[in-house]
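The values are calculated or read from the model by the stated rules, or taken from the named source; none is laboratory data. Computed from a predicted structure; not experimentally measured. Note that we place each Cβ from the backbone using ideal geometry, even for glycine, and neighbour counts take in every protein chain shown. Remember, those area values only see protein heavy atoms, side chains included, never the ligands or the DNA or RNA. Shrake-Rupley method; radii C 1.70, N 1.55, O 1.52, S 1.80 Å.
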Amino acid sequence: MRTIMVAGNWKMHGSEAMIRSLLGDIIAGIEGSCPADLVVFPPYPYLSLVQSLARSTRLEWGGQNLNPQASGAHTGEISAAMLQEFGCRYVLTGHSERRALYGENDVDVALRFEAALEAGLEPVLCVGETLEQREAGETQAVVARQLDAVLSRTGIDGFNRAVVAYEPVWAIGTGRTASPGQAQAVHAFIRDKFVNLDGIIGGQLRIVYGGSVNGSNAAELFSQEDIDGGLVGGASLTAEDFLAICRCVT
Ligand code: PEP
């Protein structure tokens with residue numbers, strides 16, 4: 001019922017030459033062979049390049065963030081309309097690096113999520129706990145708080161056309177993956193929360209896992225009942241690693 005999504009978050013990596021080569025290899029490797037929705041999130045300056053290379057393929061792309069305002073004096077920021085001009089379908093909101101390194105709080109994230117929806121972009125809302133929070137038994141409370149901040153602005157209807165990415169902060173870029181059981185438990189918690197608000201929206205909502213996903217662990221993670229794919233950082237930077245994850249989707 002839910003189509004698996006495999007998304008590569010390239011963060012602040014790449015160059016024109018690297019992206020031409022990476023995307024060329026990914027496109028050559030995936031055509032027709034993987035039943036998942038495949039997405040990449042390049043750095044902003046390369047959106048135009050990605051659009052020109054991927055426009056007639058099944059690969060889709062998105063922005064790594066957006067500003068809630070339509071335009072104005074917001075140096076260094078980017079608007080929903082700008083992302084749309086370069087063919088973005090998706091946009092990340094609330095990635096833990098934005099929260100931890102650039103001070104985005106739950107309200108900022110909710111405003112960005114809402115602006116994405118209003119513009120017709122599909123937001124990917126990233127949530128997840130730190131190691132300290134997990135060890136203190138606060139995982140569900142933290143994730144619920146992050147989700148509630150958005151739900152209080154958009155209501156459950158806001159998740160009709162959105163994706164949630166559960167990304168435990170302690171697993172991002174560390175090589176330490178949540179076990180399939182640990183990840184599934186949080187995904188089930190998230191799913192239940194949405195199903196209790198609206199059975200149809202909650203049942204259809206894609207909840208992807210992020211945190212050191214690779215070709216060796218993706219199959220087991222993606223086979224969990226409430227895990228609908230992956231948001232992939234490090235392993236999305238080489239075609240071989242990204243395609244190995246795509247091949248785990250059957
Ligand atoms: C991410 O940045 O969203 C991520 C999951 O990174 P990594 O796969 O490198 O842990």
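Summary of values
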quantity	calculated
Amide hydrogen neighbours beyond the local backbone of Gly8, cut-off 5 Å, H modeled	Val39, Val40, Phe41, Val232
³J(HN,Hα), Karplus 6.51/-1.76/1.60, whole Hz, each residue of the range 109-119, x for Gly, Pro	5, 4, 5, 5, 4, 5, 5, 4, 4, 4, 7
Stretchable slack from Asn105 to Thr238, in nm (0.36 nm times residue separation minus alpha-carbon distance)	44.7 nm
Residue with peak Gaussian network fluctuation, the chain [Cα springs, cutoff 10 Å], from Ile190, Ile200, Ile156	Ile200
Sequence-distant residues sharing a close amide H with Val213 (under 5 Å, placed H)	Gly233
Descending Cα extents along the principal axes, the range 1-44, whole Å	37, 20, 10
The range 167-227, accessible area per residue, ligands and nucleic acids excluded (1.4 Å, Å²)	40
Note, ³J(HN,Hα) from phi for the range 161-172, Karplus 6.51, -1.76, 1.60, rounded to Hz, x at Gly and Pro	9, 7, 10, 10, 10, 8, 10, x, 4, 5, 9, 7
Average projection area in nm² (convex hull over Cα atoms of the range 137-224, one quarter of hull surface)	5.8
Amide H contacts of Leu92 (H built 1.01 Å from N, under 5 Å, at least 5 apart or other chain)	Gly63, Gln64, Asn65, Val124
Accessible surface of the chain, 1.4 Å probe, proportion on carbon and sulfur as whole %	50
Nearest-0.05 FRET efficiency for Gln224 and Glu77, computed from C-beta distance (R0 45 Å)	0.80
Karplus 3J(HN,Hα) series, Hz, for the range 127-136 with 6.51 cos²θ - 1.76 cosθ + 1.60 (x for Gly, Pro)	9, x, 9, 7, 4, 4, 5, 4, 5, 8
Candidates Asn214, Asn65, Asn196, ranked by Gaussian network fluctuation over the chain, Cα under 10 Å, top entry	Asn196
Cα gyration tensor, the range 22-122 - rounded (a/c under 1.5), prolate or oblate	prolate
Accessible-area value, Cys248, 1.4 Å probe, nucleic acids and ligands omitted, Å²	30
Exposure rank, largest accessible area first [Leu205, Leu53; 1.4 Å]	Leu53, Leu205
28 Å tail of the calculated P(r), the chain, as % of Cα pairs	26
Per residue, in Å², the accessible surface of the range 34-100 once ligands and nucleic acids are set aside, probe 1.4 Å	43
Simple label model, 7 Å out from Cα along Cβ direction - Met18 to Ala185, nm	3.6
Computed accessible area, His74, all protein chains, 1.4 angstrom probe, square angstrom	80
Arg55 accessible area, 1.4 Å probe, all protein chains in place, Å² to nearest 10	150
